[in-house]
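A.B. asks: Below you'll find the structure I mean.
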Amino acid sequence: MAYTSDFPAVEPAAVDVAAVRGPLVLEFGVDWCPHCKATQPPLAEALGDFAHVPHWKVEDGKGRPLGRAYRVRLWPTLVFLRDGQEVSRLVRPTSAAPIRDALVGLGAT
């Protein structure tokens with residue numbers, strides 16, 4: 001499972017995120033956010049090179065526990081995890097290069 005274009009109706013639980021072994025990309029945002037929309041092409045491009053890395057879109061907002069657990073302040077925020085632990089994050093990336101770099105930093109090659 002690589003790039004996902006839609007935010008799911010159900011937010012994953014923190015325990016589900018922590019249980020993922022290997023690399024995982026969490027994308028916090030909302031469908032109507034212009035910054036989130038602008039990030040989709042470079043994100044799809046970068047994740048296309050890493051199709052084996054799961055990408056979970058998490059709809060964020062006031063009172064959403066997962067976004068608060070990761071201290072998300074701006075959308076989109078990409079959190080790069082390995083074995084449930086945060087390795088890096090990007091806020092409002094506008095090109096594929098930093099996303100690729102973060103994926104390489106996960107050891108996702």
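The values are calculated or read from the model by the stated rules, or taken from the named source; none is laboratory data. These figures come from a predicted structure and were not determined experimentally. A quick note on method: Cβ atoms are made from the backbone with ideal geometry, for glycine too, and the neighbour counts reach across all protein chains shown.
A.B. asks: Among the residues of segment 37-53, which ones are assigned to a helix (DSSP H, G or I) and surrounded by 14 or more Cβ atoms within 10 Å (Cβ to Cβ)?
C.D. replies: 38, 39, 40, 42, 43, 44, 45, 46, 47
A.B. asks: Follow-up question, since we're still on this one. Go through the residues of segment 73-96 one by one and say whether even a single one is over 20 Å from residue 5 (Cβ atoms), in contact with a Pro (Cβ under 6 Å, 6 or more places away or on another chain) and surrounded by 15 or more Cβ atoms within 10 Å (Cβ to Cβ).
C.D. replies: The answer is yes; a qualifying residue exists.
A.B. asks: Here is a follow-up. Give me the pairs: first residue in segment 1-26 and closer than 21 Å to residue 91 by Cα and touching a residue at least 12 places away in the same chain (Cβ under 8 Å), second residue part of a loop (DSSP other than H, G, I, E, B) and of a type in the set (D, E, K, R), beta-carbon distance under 7 Å, and six or more apart or on different chains, which are they?
C.D. replies: Going by the 7 Å Cβ cut-off, the qualifying pairs are 7/31; 11/64.
A.B. asks: Restricted to segment 17-53, and to residues that are at pLDDT 95 or above and charged (D, E, K, R), which residue is farthest from residue 75 (Cα to Cα)?
C.D. replies: 21
A.B. asks: Hey, another quick one. I'm told residue 67 meets every condition in (1) closer than 14 Å to residue 14 by Cβ; (2) small (Gly, Ala, Ser); (3) not in a helix (DSSP H, G or I) except one. Can you identify the failing condition by its number?
C.D. replies: Condition (3) is where residue 67 drops out.
A.B. asks: Related question: Does segment 20-36 hold any residues that are loosely packed, with under 12 Cβ neighbours inside 10 Å and in a loop (DSSP other than H, G, I, E, B), and which are they?
C.D. replies: 21, 31, 32
A.B. asks: Right, something else. Of the residues 49, 101, 83, 31, which single one is in contact (Cβ under 8 Å) with a residue 60 or more places away in the chain and not basic (Lys, Arg)?
C.D. replies: Exactly one of 49, 101, 83, 31 is in contact (Cβ under 8 Å) with a residue 60 or more places away in the chain and not basic (Lys, Arg), namely 83.
A.B. asks: As an exercise: evaluate residue 99 against (1) assigned to a helix (DSSP H, G or I); (2) surrounded by fewer than 20 Cβ atoms within 10 Å (Cβ to Cβ); (3) within 11 Å of the chain's Cα centre (by Cα) and give the number of the one condition it does not meet.
C.D. replies: It fails just one condition, (2).
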